[in-house]
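The structure appears right after this line, and notes come after that.
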Amino acid sequence: MSLLARCRRWLGIAAAPSVAETRRSHADDLTGLSNRTVMHDTLVAALHAGVGGAVVTLDLDNFKYFNDRHGHRAGDELLRAVAMRLRETLVRASCLSRTNGDQFVAFLPGVTLADAMRKAQDCIDAMREPVTLASGTEIVTLSAGVATLAGQTVDEVWRACDAALHAAKARGRDRVVAFDDDTRRIVASRRDLASTVLELQERNRALREEARTDALTGLRNRLALDELLHTAAGDGERRVQATAVAFIDVDHFGNYNHVHGDAAGDDALKAVAHAIRACAREADFVFRKGGEEFVVVLDNPIDNAVDDQAGNNAAVAAAERIRSAVQDLALSHAASSAASVVTVTIGVASGPPGTTLRQLLSAAAEKAMAGKVGEQRNQVHAVRLRDFRTPG
């Protein structure tokens, strides 16, 4: 009974398909070799039956460049020629398959690793002979990876062959490499290196995030705000569209710390930060600029706004929600002239397309400070910048 027949019985396939059905389901349409499914099932059956041997994976060198230069039709013709030479060379193979693109796999039952390497070398030597195609005569080469089939899963065999094949490519192509102890150590070393690189990348990402996070409130900090101003929205020729900025300042916060203590002040800032973040949308950017100052970048404050004024009104409404939410915290503030609880004064700036984020932030801050100087605290003060025109 053939290995494939044993495989079929082991898999519990009762009825034998017709010859035509078998060919359609098991043959590679281009080369007439068996396909990856057949190879997989053959290896499964061999492992299940305790049949040893070796698996050879062969891959055309620089096949992509051949296709790019000559076209896919010539590439298909070359694959058929390769399949024919492999069939002639690997007569002892119980299964020869085209498994993927320009990759071929052969199972050689009952052979040692050394014998399999010699057969793989025969294939490489045979392929060095010129190939006559409709487009002309070509010389192409193969690389091969060889692994034994003994006490492993099929997936482990595939990975071993692939590792050996990659080693052959890395060593200059047109050669055969076995998956032996040396190759295994190299693979393990590369995996360790890849794991270390990923770990370092994750640590760097965490450190970068930490450096841009305010330790007290968990919001983005001044560094993150400066980076946004410089690289993402507003420096040089890079500008943002339909954006508003809210500059938020806690009223009489110096007095709050003096009366209630620094620890209570920290708790108040954390509560204010949480209220601001809760009012902001997911797309908005919320920063603690420093001390008792916060900044919210309202990206497109109203979805599908038909005019700039609608966007401005939406930004003012968003700022008012923040002001109200902070007041509703009801944090007692005995040293405030604005209210008996902690409050904020907010400046909001919006502008037409072409206005930079830096211009909006400056205008919002000035508006908030003007409100505080004018004893108009615990209010939202809005400004809409005039049309901005790029010189020239």
(message) Please list, in order along region 344-356, the HN-Hα scalar couplings obtained from phi with the Karplus expression 6.51 cos²θ - 1.76 cosθ + 1.60 (θ = phi - 60°), rounded to whole Hz, x for Gly and Pro.
(response) 10, 10, 10, x, 10, 10, 9, x, x, x, x, 6, 7
(message) Assuming 0.36 nm per residue, please report the length gained on full extension of the stretch residue 199 to residue 114 beyond their Cα-Cα distance.
(response) 26.7 nm
(message) Skipping prolines and chain starts, which residues have an amide H placed within reach, meaning under 5 Å, of the one on residue 52, given they are 5 or more residues away or on another chain?
(response) 110
(message) If amide hydrogens are placed 1.01 Å from N in the peptide plane, which non-local residues have theirs closer than 5 Å to the one on residue 333?
(response) 341, 342
(request) Using only the alpha carbons, work out the radius of gyration and Dmax of region 38-99 in angstrom. (result) 14.7, 46
(request) Determine the order of 369, 127 by accessible area, beginning with the largest, at a probe radius of 1.4 Å. (result) 369, 127
(message) Net charge around residue 99, counting only other residues with Cβ within less than 14 Å of its Cβ (Lys, Arg = +1; Asp, Glu = -1)?
(response) -4
(request) For region 257-263, just list the computed ³J(HN,Hα) in residue order, Karplus coefficients 6.51, -1.76 and 1.60, θ = phi - 60°, integers in Hz, with x standing in for Gly and Pro. (result) 5, 5, 7, 9, x, 5, 4
(message) Students often forget the sequence filter, so: which lysines lie under 24 Å Cα-Cα from residue 289 once same-chain residues fewer than 8 apart are removed?
(response) 270, 367, 372
(message) Give me the Å³ per residue figure for the convex hull around the C-alpha atoms of region 51-174.
(response) 94
(message) On a straight-distance basis, which lysines could pair with residue 169 in a cross-link, Cα separation under 28 angstrom, same-chain partners fewer than 8 positions away excluded?
(response) 64, 119
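The values are calculated or read from the model by the stated rules, or taken from the named source; none is laboratory data. Keep in mind the model is a prediction, meaning the values are calculated, not measured. Backbone-built Cβ (ideal geometry, glycine too); neighbour counts: all protein chains shown. Accessible surface is based on the protein model in full, side chains and every heavy atom, while ligands, DNA and RNA are left aside. Shrake-Rupley method; radii C 1.70, N 1.55, O 1.52, S 1.80 Å.
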